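What follows draws every value from the coordinates through simple rules; no lab data is involved. Small disclaimer: the values here were computed from a predicted structure and weren't measured. For neighbour counting, all protein chains shown are included, and Cβ atoms are generated from backbone atoms with ideal geometry for every residue, glycine included.
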Amino acid sequence: ETGVTQTPRHLVMGMTNKKSLKCEQHLGHNAMYWYKQSAKKPLELMFVYNFKEQTENNSVPSRFSPECPNSSHLFLHLHTLQPEDSALYLCASSQDTAARAEREQYFGPGTRLTVT
Amino acid sequence: GQSLEQPSEVTAVEGAIVQINCTYQTSGFYGLSWYQQHDGGAPTFLSYNALDGLEETGRFSSFLSRSDSYGYLLLQELQMKDSASYFCAVNTDKLIFGTGTRLQVFP
């Protein structure tokens, strides 16, 4: 257990569905992240939140919409996804995003998403 | 552009020593991190090098040469449970990950 939980662990959705991924961290961290992990590709940073404010959107399509109501919770709202969006979506947290302090991120177990 | 290169796969036997190399080209650099990820699991932090040299943590050591834009992870006394993927990641203003090296340890 890393102190970061994600639900659901597995999700199958059609291209017209709307669903949300949830992440919660119990570490008292101030920064939270969404990553996409596809086979044989590097972990791709999607979004960064620091003290509930979005500080990074890594050119992510608008069909992915993040929400951070507080420093402990992070959501990823999904709408009209494409089959190529099928991947493992990982949430992570760290103390903050100051570069020198960003050295250690704690990851959740991920949500395995399949878009049919 | 920003890129990290590491071997895609490494195999070794129990008790052996294995070195996983990582070369990088990034704009901005604060340090090099290593993460381990077992199949179906979350990446977990292993080590961080901000300065040149070797950092040792039990059976695992990590090395950095900033002038060569190069680092490696050294795993000693390999155990079956070390079979996993290992990612190097450069700390710039964010973490940039490599594609990962899959390590398979055989009995």
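For the stretch A:84-114, the tally of residues that are away from every other protein chain (no Cβ under 14 Å), surrounded by fewer than 17 Cβ atoms within 10 Å (Cβ to Cβ) and out of contact with any Ser or Thr (no Cβ under 7 Å at 6 or more places or on another chain) stands at 1. Taken together, the residues in the stretch A:39-75 that are within 13 Å of the chain's Cα centre (by Cα) and in a strand (DSSP E or B) amount to 17. Only one of (1) assigned to a strand (DSSP E or B); (2) within 14 Å of chain B (Cβ to nearest Cβ); (3) farther than 17 Å from A:Glu24 by Cα fails for A:Leu78. Which number is that? (2) is the only condition that A:Leu78 fails. When the stretch B:38-56 is limited to residues that are more than 11 Å from the chain's Cα centre (by Cα) and under 30 Å from A:Thr111 (Cβ atoms), the one that is surrounded by the fewest Cβ atoms within 10 Å (Cβ to Cβ) turns out to be B:Asp39. Residue count for the stretch A:1-38, restricted to those that are aliphatic (A, V, I, L, M), within 14 Å of chain B (Cβ to nearest Cβ) and not in a strand (DSSP E or B): 1. Picking from residues in the stretch B:75-98 that are within 11 Å of the chain's Cα centre (by Cα) and hydroxyl-bearing (Ser, Thr, Tyr), the one that is farthest from B:Ser61 (Cα to Cα) is B:Ser85.
Note on the stretch A:40-53: among residues that are in contact (Cβ under 8 Å) with a residue 12 or more places away in the chain and within 12 Å of chain B (Cβ to nearest Cβ), the one that is nearest to A:Ser72 (Cα to Cα) is A:Asn50. For the structure I just gave you, tell me whether B:Ser62 is polar (S, T, N, Q), touching an Asp or Glu at 6+ places or on another chain (Cβ under 8 Å) and farther than 18 Å from A:Pro42 by Cα. Yes, satisfied. Please work out if B:Tyr35 is in contact with a Pro (Cβ under 7 Å, 6 or more places away or on another chain), surrounded by 15 or more Cβ atoms within 10 Å (Cβ to Cβ), closer than 19 Å to A:Ser94 by Cβ and not small (Gly, Ala, Ser). Yes.
Considering the conditions (1) farther than 22 Å from A:Met46 by Cα; (2) surrounded by fewer than 20 Cβ atoms within 10 Å (Cβ to Cβ), B:Val105 is excluded by exactly one of them, (2).
Do we have B:Leu4 as more than 12 Å from chain A (Cβ to nearest Cβ), buried (at least 16 other Cβ atoms within 10 Å of the Cβ) and under 16 Å from B:Phe97 (Cα atoms) here?
Working: more than 12 Å from chain A (Cβ to nearest Cβ): no; buried (at least 16 other Cβ atoms within 10 Å of the Cβ): yes; under 16 Å from B:Phe97 (Cα atoms): yes.
Taking the combined requirement at face value, the residue does not satisfy it.
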